[in-house]
Amino acid sequence: MSIFISREACVGCRRCVEACPGNLIKLDADGKAYIRHPKDCWGCTSCVKECGREAISFFLGADMGGRGSRLTTHKEGDFRYWKITDAAGLEQTIVVNQKDANRY
Amino acid sequence: MERERIVTDVLIIGGGTAGCYAALTIAKESPGTKVVIAEKANIIRSGCLAAGVNALNAYITPGQTAQDYVDYAKRDAAGIAREDLLLSMAEGVNRVTEHLEQLGLVILKDEYGAYAARGKRNIKINGENIKPLLAEAVKKQKNVTVINHVNITDYLLADGGIAGAVGFHVDERKAYVFLADAVLCATGGAAGLYRPNNPGFSRHKMWYPPFNTGAGYAMGIRAGAEMTTFEMRFIALRCKDTIAPTGTIAQGVGARQINAKGEVYETKYGITTSERVYGTAAENLAGRGPCYLHTEGISESQSEDLLKAYLNMAPSQTLKWIESGRLPHEQDVEIEGTEPYIVGGHTASGYWVDTDRRTTLPGLYAAGDVAGGCPQKYVTGALVEGELAAQAILADLGAAGSPLRRADEKRRRLREERIATETERYLGEYEAHLSSGGSPAMFTAEQLEEAMQKVMDNYAGGISTHYRYNERQLHIADDKILMLQKMTEKLHADDMDELLHVYELKERLLVCRVVIAHLAARKETRWHAFAENTDYPGQSDEWLKYVNSVYRDGKVKIRFRELTDTGKQERAEVYGG
């Protein structure tokens, strides 16, 4: 389980570098973000949420039952949109109202 | 190496839950007191709250009292918990909850506008942004300076107490020397000591933050602080693979624990935290695994709510449900016990503190997961401990003739000299690892970490032995960990990132040694799974006492303390000496 950072979408704003609680994300010589230690990712998705460009997606390693789906997210007002794109490219979105508390 | 010297009134090591709240407390109660937070990552998302939380697990709901919470926590710990610490914590949890709501935390309300309870001690929240809320509040305080990306490795000892700390930047070739009248340790507990559930690519998909490497414990151990209850390891019962929380499912939709035959087994082994883990391990051992939370048959809307609830705290579980093609109402959720962790916020391992959270070293305070004796504190309890420690610091700094202020000119000079010597020693160690004269790259920190986790797993009660160990095994574990400790001295680091990993490994190895010594010292099985000693499989009233330790001359010296002890006389002894 780890993250994938799209070089094309990354603008080098460093927000993910700052957000990672494990100091795992660095900028390369071109100023693009990369994860230096993919196996050290905790899966907290802090970087996925901080990225304003949806350049970072989260995936499950094969050892956790991952089958190639990717998770990205963005926020609009009080709503957080979580988009899951499976290996075949099919998308589904779950919307969570941040003003709603968990009922469980 | 470049170095920066920072002088402050109060140094807080670790800007997580407890550290941030201590800073907020000092800002509110004494805006003239200078506070520096030294944080290994960036306080915006660092510590246990990075992914978010879905409930506040320590709250006194209507009809309950703080004493009820104390009684519950003490029962769950089979008697080994400090009542004074638990009570002062429980009395504050509702106060800090209200403050969290003022900071912007969304809390579920009932029809009368009161917080909606989940059971006797929990309330439901939307805690996805709980850490950013805390961090933003801290950043607004004028007297608080946050220094991100600095890894603290050692306290500076001088004048019979703690006078500051040293560390290094995690990217830039730069050392930091902090001088402070009071130091609060709020680094969190220790993960990564034992081989984890997913040892390969997903090795860091664990319950506790893998970046909490036991730094605060290790610094205190090296400095000779008294530590308590390291034998009460914490093992979480989690969703298989994703290591996501099970409480949201168990309490949220009332799912029971069942074995492969569909039998409800949770009632068979008892319902304390350790018994729930033990029951699952026992069912597996008896050939009745895997075990599940029985969710098949819940409603589709409950299923959907679960998907959302997990996105707010453990998105990997939601992704796993979707990837499998079967949602929670269509399949039971497999569960497993994690590897053991050392964490004072769930169990009781940590600094031996007095009621106000002073450690046994003058000038040093502890709060949150690094502080011992006070289990079941969770988020709100950690906040309260940050508050209590901050108040103790302010009281001690403000007292007339406070020894912490060190006004005497001659003592001040001696202190400076001692600090300079200590600083050179620690910075010399950093340089030694970074210098090209280090050993060839035959061994790396990563390799030694794997070796450490294998030793702890095989010989100190990890997952592979179903958490069981005996004295002979502990002996072997200690020998092997000692050898690994020696091997770390020659580790080479190419850059600061590698240096960070070298120090994290050193911290973990030292914590391992204390864990092994404590496990060997408690000659009973007080808690199933948490400390399952096969040489002494039963519980004995003789062992209704604390196992404490002090590290001296490279050895872990065990000392026992009565259950009525509140840490007070320890401080007197230190000051008197």
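The values are calculated or read from the model by the stated rules, or taken from the named source; none is laboratory data. Treat the numbers as computed from the prediction; the structure is a model and nothing was measured. Cβ placement follows ideal geometry from the backbone for every residue including glycine, while neighbour counts extend to all protein chains displayed. Heads up: the accessible areas ignore ligands, DNA and RNA and are worked out on the full protein's heavy atoms, side chains in. Shrake-Rupley method; radii C 1.70, N 1.55, O 1.52, S 1.80 Å.
Things to note:
- Accessible area in square angstrom per residue, the protein assembly as shown, 1.4 angstrom probe: 37
- Here r is the Cβ-Cβ distance between residue B:405 and residue B:5 and R0 is 25 Å; the resulting FRET efficiency, rounded to 0.05, is 0.85.
- Annotation note: trypsin sites (Lys or Arg not before Pro) in the stretch B:212-307 located in DSSP loop regions with a Cβ neighbour count of at most 16 within 10 Å are B:256, B:261, B:288.
- In straight-distance terms, cross-link reach from residue B:261 covers every one of the aspartates and glutamates whose alpha-carbon lies under 15 Å from its own, apart from those fewer than eight places away in the same chain; here that gives B:283, B:296, B:332, B:334.
- Taking a point 7 Å from the Cα of residue A:36 along the Cα-to-Cβ direction, the residues of the stretch B:198-212 with backbone N closer than 18 Å to it are B:204, B:210-212.
- Taking amide H as placed 1.01 Å from N in the peptide plane, residue B:532 has its amide H under 5 Å from the amide H of B:469, each at least 5 places away in sequence or on another chain.
- Going from the chain on its own to the full set of protein chains, the stretch A:84-104 has these residues losing 40 Å² or more of accessible surface (heavy atoms, 1.4 Å probe, no ligands, DNA or RNA): A:84, A:94, A:96, A:98, A:101, A:102, A:103, A:104.
- Each of A:64, B:264, B:152 was scored by the projection of its Cα onto the charge dipole of the protein assembly as shown, and the greatest displacement toward the positive side belongs to B:152; charges sit on the C-beta of Lys, Arg, Asp and Glu.
- Total charge dipole magnitude, the stretch A:2-97, about the Cα centre, Cβ charges on Lys, Arg, Asp, Glu only, Debye to nearest 20: 140
- Calculated on C-alpha atoms, the gyration radius of the stretch B:45-186 divided by its Kirkwood radius gives an Rg/Rh of 1.05.
- Across the stretch B:106-202, the volume of the C-alpha convex hull divided among the residues equals 251 Å³ per residue.
- Qualifying lysines (Cα of each under 17 Å from Cα of residue B:109; at least 8 residues distant if same chain): A:99, B:120, B:124
- Extreme residue, positive dipole direction of the stretch B:237-337, given options B:307, B:244, B:322 (C-beta unit charges): B:244
- Tensor-based shape of the protein assembly as shown (alpha-carbon gyration tensor, a/c under 1.5 rounded, otherwise prolate or oblate): rounded
- For the stretch A:2-97, the fraction of alpha-carbon pairs in successive 10 Å shells from zero, as %: 16, 48, 32, 4
- Taking the centroid of alpha carbons for each part, the stretch B:277-356 and the stretch B:173-220 are 23 Å apart.
- For residue B:555, the lysines whose Cα comes closer than 23 Å to its Cα, not counting residues fewer than 8 places off in the same chain, are B:454, B:480, B:486, B:490, B:506, B:523, B:545.
- Accessible surface of chain B, 1.4 Å probe, proportion on carbon and sulfur as whole %: 48
- Each Cα pair under 8 Å and six or more residues apart adds its sequence gap; the mean of these over the residue count of chain B is a relative contact order of 20 percent.
- Each residue was assigned an accessible area with a 1.4 Å probe, and for residue B:455 the value is about 10 Å².
- Label point distance in nm, residue B:535-residue B:120, each placed 7 Å from Cα along Cα→Cβ: 3.7
- Put a plus charge on the Cβ of each Lys and Arg, a minus charge on the Cβ of each Asp and Glu, and nothing anywhere else: the dipole of the stretch B:471-577 about its Cα centre is then about 400 debye.
- Between helix B:471-488 and chain B: long-axis angle, C-alpha atoms, 0 to 90°, nearest 10: 50
- For the stretch B:297-325, a drop of 50 Å² or more in accessible area on going from the chain alone to the assembled protein chains (1.4 Å probe) is found at B:308, B:311, B:315, B:319, B:322, B:323.
- Cut-off of 10 Å, at most 14 other beta carbons, DSSP loop: longest stretch of chain A lacking such GluC sites (Glu not before Pro): A:55-104
- Buried area at the A-B interface (accessible, heavy atoms, 1.4 Å probe, summed, Å²): 4800
- Given charges at beta-carbon only (K, R positive; D, E negative), |dipole| of the stretch B:98-185 in Debye: 240
- On Cα atoms only, tilt of B:66-76 relative to the major axis of chain B in degrees: 80
- Rel. contact order, % - alpha carbon contacts under 8 angstrom, at least six apart, chain A: 22
- Of the residues making up the stretch A:1-44, those losing 40 Å² or more of accessible area when the isolated chain is joined by the remaining protein chains, with a 1.4 Å probe, are A:1, A:18, A:21, A:23, A:26, A:36, A:39, A:40, A:42.
- For the protein assembly as shown, with +1 on Lys and Arg beta carbons and -1 on Asp and Glu, the positive-most of B:512, A:89, B:351 along the dipole: B:351
- Treating r as the C-beta distance of residue A:11 and residue B:267 and R0 as 51 Å, the FRET efficiency rounds to 0.35.
- For the stretch B:237-337, the Kirkwood radius over C-alpha pairs fed into Stokes-Einstein at 10 °C and 1.306 mPa s yields D = 118 µm² per second.
- Trypsin sites (Lys or Arg not before Pro) within the stretch B:323-389, DSSP loop, no more than 15 other Cβ atoms inside 10 Å: B:326
- Heavy-atom accessible surface of the stretch A:2-97: percent carbon and sulfur, 1.4 Å: 50
- Taking the longest Cα principal axis of chain B as reference, the axis of helix B:445-459 is set at about 60 degrees.
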